[in-house]
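Comments concern the structure below.
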Amino acid sequence: MLTCTAPVHQPRSLDEAIACRAIHPFATVLAGGTDIMVYLEAGSLKPSSLLDLWKVDALRGITVQADGVRIGALTTWTDIAREARMPAALRDCARTVGALQIQNRGTVGGNIVNASPAGDSLPMWLVLDAVFEVRSWHGTRRIPAAEFWRGYKRMDLAADELLVGVHVPAVSGDVRYRKVGTRLAQAISKVVLGLRVATVDGLVTEARVAFGSVGPTPARATAVEHALVGRALSPETVDNAVAALQIAPLDDIRSTADYRNDVARRILRAELLALARG
């Protein structure tokens, strides 16, 4: 039974939320609550206080800008899945985040700052060259996704800062998403792949490859990217790119390292060959 009696702060404006965060930098931030409520129920989280952002409407919404799209941190996965302006692969990702109830409540920002290496969306932000907008009473910072996660559950986010938005630039190329779990739905990921490849005149001009759930943080596979750029997307190039993959996943309760290694290579090969076929 849920027995948390910690005080709850409920700002209704962004300025109020930022001010509240400055006053309560160690409060547990509550967005959709799809993870936190489970932890509270299990008794594994005992917060001193909670900062509930759900009523801060300024943190919601998707806005088209001159250089791309801005996604508010409280935007839900249902919002993403229904938004035609989002890359199709990101909409595919949104549909894999738990059941419909979780998608209706779970937020983009919550998935990012939960900083779980198994977070479904994290590799996508890497391949989309996303930039995270964080704000405190002292001002606003923009942090590239590639620099945000610093270790297991560790981020470039100060105690008085809140993630307020995600900027997705207008990127080129084909974007793919692949999640492997125990089931086809409602499963925690064992391996997640984000992939973006751009070509001009048959040659790869830009490549982004990122994996999640294979290490303490999501990470780009830069050796694979280097094996692709400047070459035609032929079966030989695909073979060389897969051979260049360097990951060292850990064994855990969901999978062995050998399984993750094998699956990562298989889905990378499959998605690259699918791109090659057009």
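The values are calculated or read from the model by the stated rules, or taken from the named source; none is laboratory data. Everything numeric here is computed off the predicted structure, so don't read it as measured data. Glycine also receives a Cβ, built like all others from the backbone with ideal geometry; neighbour counts cover every protein chain displayed.
Observations on the model:
- Thr34 vs. criteria among the β-branched types (Val, Ile, Thr), outside the structural domain of Glu161 (by TED's automatic domain parsing) and crowded, with 20+ Cβ neighbours inside 10 Å: yes
- Residue within the range 242-259 that is surrounded by 15 or more Cβ atoms within 10 Å (Cβ to Cβ), out of contact with any Lys or Arg (no Cβ under 8 Å at 6 or more places or on another chain) and farther than 17 Å from Cys93 by Cα present: yes
For every residue, the table says whether it meets (1) of a type in the set (A, V, I, L, M, F, W, C); (2) surrounded by fewer than 23 Cβ atoms within 10 Å (Cβ to Cβ).
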{"site": "Ile71", "(1), (2)": "yes, no"}
{"site": "Ala84", "(1), (2)": "yes, yes"}
{"site": "Ala89", "(1), (2)": "yes, yes"}
{"site": "Cys93", "(1), (2)": "yes, no"}
{"site": "Gln103", "(1), (2)": "no, yes"}
{"site": "Ala115", "(1), (2)": "yes, yes"}
{"site": "Ala118", "(1), (2)": "yes, yes"}
{"site": "Leu122", "(1), (2)": "yes, no"}
{"site": "Ala130", "(1), (2)": "yes, no"}
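- Flag for Val204 being over 22 Å from Asp92 (Cα atoms) and either crowded, with 18+ Cβ neighbours inside 10 Å or of a type in the set (Phe, Trp, Tyr) (or both): yes
- The residues on offer are Val209, Val238, Val180, and the sole one that is in contact with a helix residue (DSSP H, G or I) (Cβ under 9 Å, 6 or more places away or on another chain), in a strand (DSSP E or B) and at pLDDT 95 or above is Val209.
- Unmet criterion (only one of (1) closer than 25 Å to Ser13 by Cα; (2) without any contact (Cβ under 8 Å) to a residue 24 or more places away in the chain; (3) within 14 Å of the chain's Cα centre (by Cα)) for Gly61: (3)
To keep it simple, each residue is scored yes or no on (1) of a type in the set (Ser, Thr, Tyr); (2) within 21 Å of Val171 (Cβ to Cβ).
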residue: Ala66; (1), (2): no, yes
residue: Thr78; (1), (2): yes, no
residue: Leu90; (1), (2): no, yes
residue: Asn104; (1), (2): no, no
residue: Thr107; (1), (2): yes, no
residue: Val113; (1), (2): no, no
residue: Val134; (1), (2): no, no
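- Matching residues, the range 79-106, being among the β-branched types (Val, Ile, Thr) and either over 18 Å from Thr63 (Cβ atoms) or out of contact with any Lys or Arg (no Cβ under 9 Å at 6 or more places or on another chain) (or both): Thr96, Val97, Ile102
- Test: residue in the range 212-230 that is in a strand (DSSP E or B), crowded, with 21+ Cβ neighbours inside 10 Å and out of contact with any Ser or Thr (no Cβ under 6 Å at 6 or more places or on another chain): yes
- Some residue of the range 65-77 being among the aliphatic types (A, V, I, L, M), farther than 20 Å from Lys179 by Cβ, in contact (Cβ under 8 Å) with a residue 24 or more places away in the chain and touching a Phe, Trp or Tyr at 6+ places or on another chain (Cβ under 6 Å): no
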